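Enquirer: Can you keep this structure in mind? I'll have questions shortly.
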Amino acid sequence: MVPNIVTSSPRRILTIVASLTIVASILLTLGVSNLPIRRTSDYESSSSNPKLKTRLVQIPSEELKSNGGFKCEIHFDEGEWKIPENDTFVPPNTKFVSNNNFETKVDYSTVNILFVGDSVGENMFYFLERAYGLPITNRKQLYQKMWDGQWQSMLTVNQLPKERGGGYLAFARVLSLWTNDNIGDSYQEWDPKIFALLQQHKYGPVDTVVYRTPWAWMTKTMTGKIEPQHYHQVLDTANRILQPKTVIFATSVLNNNGLPDNFASLHKDNQALFKFVWEHQISMTRRGGNPNKTRVLLWDWEQLTSAFVLENARSMGLTADQAFTHRITNDNKDEERGKKMYFPQLTAMSCRGGKYNSNTNEINHCAGDRRGVLSADGMHWCETTMGPRTNGGILCLVQCTLTHENEYQVQSLHHCQNQCNALYADLNTVFIPDDDDGKTNTGHLVKLPQSETTIDLTKVV
């Protein structure tokens, strides 16, 4: 975890302080004082690993700013879902332009990656699918369930051709905590048999699981009540069913279901995830590593999404606190299939442009109905804005496991994890071309000196 003072909301800073106390207690209890220290130098963004070859490619600034540049793929407008046209979406003179001007590309991969979670986890699968250059028509839906009168894919796979490594991306829809308590046949329960379909269709074993907690589906049952032990159970499930080499746990991100308590429950549940990851990593550190144990890494997706929300709020003239409290009610929106499709959303997550009255924290809709480039619905994230850094962060973590594949020095792996989060989940890092002569559009990320005000949990002893 790499919490950053600049990109975190005031409320989250208080949560981070609480987590410092928790982590300090764990460290003192276990007597561990030699955990990895994060440096601020850049992690190599372009990879020559024979199993996974990736690169960062610069997007010209004129393309970012132009009409038809970065768009949120789909919006609910005038009673239907449609793609916006003929508009400029990226807030000018912001980090949306200066610090998010690259794409993550995958040229070759033998690594099999499975995303497990809800439709926001599916969001991440779609992001990475684009980075791989995999066409939608190449997807294979191995299992479906009926929900709300429509068939929903419960297991989807998209695989690279052999000449590009043959590695696959997959998504498994699990709408409750991935534990034994939630096995069943209903839509929100999960069936262990669907995971056997990967083997039955000869896709090969899963190397890396990326787990996204289906937080929005749990607001009536478990949100605010998740404990580290629940994530231990999730890890046990992954090991029992798939035996992956690595499980990457992603923090839950801002969404409209978290608005009723101003995301207090979401932050609390993320702290439980932080604690679980640290407990596991500390345990591995004490043992000197174990080649037979699944490696656990953290992708702090909440930090990245919150940084974008905060930057968007600044472009609207909202305060840092209002970035996470100011909301649109969408009271005047049409209904579809008899159901209200729009719920209250964060203004800075869903809107763009204009100046908003800082004396009120609630309005009916975006100024001029101008939707933004972060989220179409207050739940899911726009690929062209959120994809590059999300893909980069996940692939960076996968690279960590490959770089240290034959090493059992857990500290090196965890240092690499911290580097990935520091570079990709922080909007204060910038793209630097690999060549000064401008002959190549590939590059890497570096952290700006003025953005190094971070809380490093590895130094809390």
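Enquirer: Working carefully through the options 383, 362, find the one that is acidic (Asp, Glu) and over 22 Å from residue 130 (Cα atoms).
Expert: 362
Enquirer: I've got another one for you. For the subset of the range 91-126 comprising residues that are of a type in the set (Val, Ile, Thr) and either touching a Gly at 6+ places or on another chain (Cβ under 6 Å) or without any contact (Cβ under 8 Å) to a residue 40 or more places away in the chain (or both), which member is surrounded by the fewest Cβ atoms within 10 Å (Cβ to Cβ)?
Expert: 97
Enquirer: Continuing with the same structure: What number goes with the only condition from (1) aromatic (Phe, Trp, Tyr); (2) modelled with pLDDT of 85 or more; (3) over 26 Å from residue 317 (Cα atoms) that residue 43 does not pass?
Expert: Result: residue 43 fails condition (2) only.
Enquirer: May I pose another question? Within the range 347-391, count every residue that is among the hydrophobic types (A, V, I, L, M, F, W, C) and over 16 Å from residue 322 (Cβ atoms).
Expert: Qualifying residue count for the region: 6.
Enquirer: Being closer than 26 Å to residue 386 by Cβ, open to solvent by 10 Å² or more (accessible area, probe 1.4 Å) and polar (S, T, N, Q) narrows it down to one residue among 270, 256; which is it?
Expert: On inspection, the qualifying residue turns out to be 256.
Enquirer: For the range 185-204, give me each residue that is more than 17 Å from residue 141 (Cα to Cα) and touching a Ser or Thr at 6+ places or on another chain (Cβ under 9 Å).
Expert: Scanning the range 185-204 gives 188, 189.
Enquirer: Based on what the data block shows, is residue 403 surrounded by fewer than 19 Cβ atoms within 10 Å (Cβ to Cβ), β-branched (Val, Ile, Thr) and at pLDDT below 90?
Expert: yes
Enquirer: Residues to consider are 346, 318; find the one that is open to solvent by less than 40 Å² (accessible area, probe 1.4 Å), modelled with pLDDT of 80 or more and either over 19 Å from residue 216 (Cα atoms) or touching a Cys at 6+ places or on another chain (Cβ under 6 Å) (or both).
Expert: When all the criteria are applied, what remains is 318.
Enquirer: Can you tell me which condition residue 265 does not meet? The list is (1) at pLDDT below 95; (2) open to solvent by less than 40 Å² (accessible area, probe 1.4 Å), and all the others hold.
Expert: (1) is the only condition that residue 265 fails.
Enquirer: May I ask you to verify whether residue 211 is in contact with a Gly (Cβ under 7 Å, 6 or more places away or on another chain) and among the aromatic types (Phe, Trp, Tyr)?
Expert: Yes.
Enquirer: Among 238, 196, 172, 216, which is surrounded by fewer than 16 Cβ atoms within 10 Å (Cβ to Cβ) and at negative phi?
Expert: Numbers: 238 fails: surrounded by fewer than 16 Cβ atoms within 10 Å (Cβ to Cβ); 172 fails: surrounded by fewer than 16 Cβ atoms within 10 Å (Cβ to Cβ); 216 fails: surrounded by fewer than 16 Cβ atoms within 10 Å (Cβ to Cβ).
After ruling out the rest, the residue left standing is 196.
Enquirer: Turning to a different aspect of this structure: Can you tell me how many residues within the range 228-283 are assigned to a helix (DSSP H, G or I) and under 27 Å from residue 411 (Cα atoms)? Give the steps one after another, and end with the answer.
Expert: Step one: filter the range 228-283 for residues assigned to a helix (DSSP H, G or I), giving 228-241, 256-261, 264-283.
Now drop any that are not under 27 Å from residue 411 (Cα atoms), which leaves 228-240, 267-283.
The total comes to 30.
Enquirer: Can you list residue pairs whose Cβ atoms sit under 8 Å apart, with the first residue in the range 412-433 being buried (at least 23 other Cβ atoms within 10 Å of the Cβ) and the second being among the aromatic types (Phe, Trp, Tyr) and in a strand (DSSP E or B)? Count only pairs 6 or more apart in sequence or on different chains.
Expert: Between residues of the range 412-433 that are buried (at least 23 other Cβ atoms within 10 Å of the Cβ) and residues that are among the aromatic types (Phe, Trp, Tyr) and in a strand (DSSP E or B), the close pairs are 420/299; 421/299; 425/299.
Enquirer: Which ranges mark the strands (runs of 3 or more DSSP E) fully within the range 113-202 that have 1 or more residues being more than 22 Å from residue 381 (Cβ to Cβ)?
Expert: It comes to 140-147, 150-159, 168-173.
Enquirer: Being among the aromatic types (Phe, Trp, Tyr) and modelled with pLDDT under 95 is the filter; apply it to the range 127-155 and report the residue that is least open to solvent (accessible area, probe 1.4 Å).
Expert: 127
The values are calculated or read from the model by the stated rules, or taken from the named source; none is laboratory data. Note that this is a predicted model, so its numbers are computed, not measured. Counting neighbours? That spans all protein chains shown, and the Cβs are built from the backbone with ideal geometry, glycine included. Protein only, heavy atoms only, side chains kept; ligands, DNA and RNA dropped before computing areas. Shrake-Rupley method; radii C 1.70, N 1.55, O 1.52, S 1.80 Å.
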